[in-house]
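None of the figures in this text is laboratory data; all of them are computed from the coordinates on show. Because the structure is a prediction, the values reported are computed rather than measured. Glycine also receives a Cβ, built like all others from the backbone with ideal geometry; neighbour counts cover every protein chain displayed.
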Amino acid sequence: MPRTVIVQKTAIFKLHNPSARKQEILDLVFARYGEAYNLMLHRCRALADRWVRERLDGTRPRPLSPFTATKEIRHLLPQSGELKLAGALRDGLHFDLAGNLTSYCELRREWEQRRERESTDNEPQYPSPVYGYRPDAYYASLAEAVAWSGDPFDFVEWQSRLLREAREDVRPLLYMRASDFNLDRLDNDRWGVTLPLQPRGYEPAKLRFPLALGEWHEREYLDKGTAHAARLCRREAEYYLHVSFEFERQAMARGEEESYLGVDRGVLKQAAYALVDLEGQVLRTGSLGRELHSLQIALGRYRQAAQKAGRKVRAQAWQRRHQEELLHQIANELVKLAAAEKALVVIEALDLQTGGAFVRSQYAKLKRILDYKLPQAGLLPLREVFAAYSSVICSRCGEEGSRQDPDRHHFHCGHCSAIMDGDENAAVNIARRAVYQRAKWERRGGYRAFHRSFGSAEIGRAT
């Protein structure tokens, strides 16, 4: 029977043409927020070090949650009057800091434990302070001051870096409760938001801003969802409100799935998939994201041409943006297929490590996207299965094959002579492992015997 769950989605609204006076107040509040964040970081340094020690010696066996950390740091923090911030922003600042400190403590604990076993670099650093607020005009004028070299590439590099620093130096304002801000219609039927900015006694304590949004945002978010929390960000003299909305969804219950959708990272494509039924029989296979390979080839040619011409290559942001777009398109296709087939999505549990540090692969990014898109569609959470030999086991007979061709694109089985797409073969094996039960198959040869059972159509008969 379907169950009702709460899912969250974030919408971004631009503050529509705030007046010069309102911009001045917003910039002042951003500056106060950053100064308060720096003060709090300084006061909490010794406490954070104590948390790390407690995690290492076992005094605190479980990781700190931001809510627990907020309670423990509250006595160290200034009150809203001292901060000259509204009470809602003070609470948001406490929670903001607590989240950063708890993340730092866990990273530090993991690094200390790895250092005891092996030499490791990339020591986690205590959260960085906000180095003071300056408007974009300051950085733009500074960039112009270095343009005397006459090299346009140097000018663009300086200007880009300095403007990026300006954005990073303005910490977003956090409103952690729906009651901290108010979304409603203005007199002209335009949607607007009321934000508390300064404590009582300071004028104005609240400001109201019209929002620039389209009919789609109004229909999909404001009409159907309930505002939960918000962040106000400043980018290049413009202000954006990131609002988290909650939605009720009819979700599939565990055991109601009718198939399994296995996903494997591709060699010449971003993802290969295989749909199998509850008995492990293949229903469909395919691949998504071949555009990524074309994008990588085009980027390589661009870099080569730029280097031959003696120009600096500035394609990282362009590449990152296009890759993110492709990953979201791939995730949308997978979610659409899973919803149509009532499938449980299955992927490999890959812990990629290089020198003790986790690798942020495109596959890991796809997993993070699916982690929130699947619940939003009312589907079951992503299931991870073990990854051992999934790419070299033949999905037809269960014996071990090889991917020896130069591009590793095709899979060849020397036992049954099968030749197939290597990534789709791996996706079939991943999907089938959703029904693998270790306790039942250990007595019959483990996962290799499990995969061989599909070649003789005896799936699931282990006793």
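Highest mean packing comes first when the peptides 196-204, 172-180, 425-433 are listed by Cβ atoms within 10 Å, giving 425-433, 172-180, 196-204. Taking amide H as placed 1.01 Å from N in the peptide plane, the amide H of His16 sits under 5 Å from that of Leu211, Ala212, each at least 5 places away or on another chain. Taking other C-beta atoms within 10 Å as the exposure proxy, Ile347, Ile73 rank Ile73, Ile347 from fewest upward. Treating only the Cα positions of the stretch 218-262 as identical point scatterers, give the base-10 log of I(q)/I(0) from the Debye formula at each q in 0.14, 0.15 Å⁻¹. Those come out to -0.60, -0.64, one per q. Separation of the stretch 366-431 and the stretch 91-119, taken as the distance between their Cα centroids, equals 35 angstrom. Seen from Arg185, the other residues with C-beta closer than 15 Å to its C-beta sum to a net charge of -3, counting Lys and Arg as +1 and Asp and Glu as -1. Counting charges near Ala86 (Lys, Arg +1; Asp, Glu -1) among other residues having Cβ under 11 Å from its Cβ returns a value of +3. For Asp371, neighbours were defined as the other residues whose beta-carbon sits under 13 Å from its Cβ, and their charges (Lys and Arg +1, Asp and Glu -1) total +4.
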